[in-house]
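J.: Let me give you the structure first, and then I'll get to my questions.
Every number in this text was worked out from the coordinates using simple rules, so none of it is lab data. Note that the structure is a prediction, hence the values are computed from the model and not measured. Don't worry about glycine lacking a Cβ; one is built from the backbone with ideal geometry, like all the others, and counts go over all protein chains shown.
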Amino acid sequence: MANNGNMPKRVTVVEVGPRDGLQNEQGVIPTEAKIAFIDMLSAAGFAVVEATSFVSPKAIPQLADASEVMAGITRRPGTRYTVLVPNAKGMERALAAKVDEVAVFTGASETFVQHNIRTSIAGSITNFRPVVEMARQAGIRVRGYISTAFGCPYEGAVAPEAVARVARELVALGVDELSIGDTIGVATPNQVGDVVSALQDVTSLDRLAMHFHDTRGTALANVLVALELGITIFDSSSGGLGGCPYAPGASGNLATEDLLYLLHGMGIETGVDLDAVVAASRYLAGVRGMAPASRYYAAATATS
Ligand code: COA
Ligand code: ZN
């Protein structure tokens, strides 16, 4: 199919299901099942899989097996395995697990950051300093997440300038890529334009990722606008798994299947095999005993 207008020819999809999805599970997912899920996602061809978090096991008991997960997966050449790290202690664990990339995470609203990582935005930047330094020495990449960039569950509206302020600090620290998160899934396409435009003089577009949640059904509309603005990196989760334990009402991330269907249909390459993602979602749905939220998944697996 012909490519559309000024759309990019290729997009990088960062699969965050094993982390952003599984951090929120009510039940216990066995370590072996997490490993099998990640291996299936690797086989689907993702360039980046966010596999787990090296955070406090008291904060996120669901991912307390991070070291075992990283030791158990089969690493596919061509896939970068990234993990969340909040502080130097997490970084030591991540380095011992031989990760390819780490992601530090803060937010654009003080109350959310306080709930999530028990410090202020300024305090989070201070905690990230040794993390980025250790990453530099180890020669691994650093992503920087900015949560609540389009709205906060506690404070409501968030100004694009507040996002740009945190972004500037992360860029000054030396992060390689920023992921701009709609943690509670409230963004509308006009807001995407406002935030991208506020970030334009902070970093180059090829270092900006968008992380949309589909809570209110606006995620794909937001992706389309972001594509038109020149964004080429999108985070999504297999099956639409996810939410955030510190963001009440935050249902799933944009489903990878739905994103891939849109991109491939528009002639945009991702290098990811959509059928293989459906197979990974189907496997995990069996483990969880719950159907995935993905619309594409429902259509692809419907039996008439
Ligand atoms: N890995 C393992 N354990 C860790 C840790 C890490 N990265 N960071 C802290 N801990 C442990 C400490 O050793 C300490 O343990 P102890 O009570 O047995 O001595 C305990 O956690 C508290 O440590 P402290 O430094 O006081 O942290 P805190 O209570 O202020 O919590 C964070 C701060 C950032 C560590 C914690 O809030 C956290 O991990 N949050 C992650 C939240 C998250 O992942 N949210 C979803 C992503 S959007
Ligand atoms: Zn998310």
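J.: Largest first and to the nearest Å, give the Cα extent of the chain along each principal axis.
T.: 55, 44, 35
J.: Distance between the C-alpha centers of segment 4-60 and segment 155-209? Whole Å please.
T.: Centre-to-centre (Cα) distance: 22 Å.
J.: Mind giving me the nanometre distance, one decimal, between the label points for T303 and R10, set 7 Å out from Cα along Cα→Cβ?
T.: Rounded to a tenth, the inter-label distance reads 3.9 nm.
J.: Follow-up question, since we're still on this one. Farthest toward the dipole's positive end in the chain, which of A255, N6, S197, given Cβ charges of +1 (Lys, Arg) and -1 (Asp, Glu) about the Cα centre?
T.: A255
J.: Which trypsin sites (Lys or Arg not before Pro) from segment 104-150 combine a DSSP loop assignment with at most 15 other Cβ atoms within 10 Å?
T.: R118
J.: What percent does the relative contact order of the chain come to when contacts are Cα pairs within less than 8 Å and at least six residues apart?
T.: 22 percent
J.: Here's a follow-up. Just the ratio, please: alpha-carbon radius of gyration of segment 56-106 over 2.2 N^0.38 Å, N its number of residues.
T.: 1.12
J.: How much of the DSSP beta bridge set in the chain is antiparallel, as a percent to the nearest 5?
T.: Of all bridge pairs located within the chain, approximately 5 percent are antiparallel.
J.: Now a separate question. Can you tell which of E257, E269, E50 shows the greatest fluctuation in a Gaussian network model of the chain with Cα springs below 10 Å?
T.: E269
J.: Which residue, V175, G230, V132, has the largest displacement toward the positive end of the dipole of segment 12-300 when charges sit on each Cβ (Lys, Arg +1; Asp, Glu -1)?
T.: Sorting the options by dipole projection puts first V132.
J.: Still on this structure, please answer the following. Per-residue counts of other Cβ atoms within 10 Å, averaged by peptide: what ranking do you get for 123-134, 225-236, highest first?
T.: 225-236, 123-134
J.: Mind listing which trypsin sites (Lys or Arg not before Pro) in segment 50-97 are in a DSSP loop and have 14 or fewer other Cβ atoms within 10 Å?
T.: K58
J.: Between E32 and T188, what is 0.36 nm times their sequence separation minus the Cα-Cα distance? Round to one decimal in nm.
T.: 52.3 nm
J.: Hey, another quick one. So which helices of the chain fit the span-like rule, where a helix is a whole DSSP H run, its Cα atoms reach 24 Å or more along the axis, and its mean Kyte-Doolittle is at least 0.0?
T.: Counting only whole DSSP H runs, the qualifying helices are 121-138.
J.: A follow-up question, please. In debye, nearest 20, what is the charge dipole magnitude of the chain about its Cα centre with +1 on Lys and Arg Cβ and -1 on Asp and Glu Cβ, if you could check?
T.: Using only the charged Cβ atoms, the result is roughly 480 debye.
J.: Taking the chain as a Gaussian network, Cα atoms linked when under 10 Å apart, which of G239, G151, G17 shows the biggest mean-square fluctuation?
T.: Top of the fluctuation ranking is G151.
J.: Kindly provide the helix-only [θ] at 222 nm of the chain, computed as the sum of -39,500 (n - 2.57) over DSSP H runs of four or more divided by all residues, to the nearest 500 deg cm²/dmol?
T.: It lands at -12000 deg cm²/dmol.
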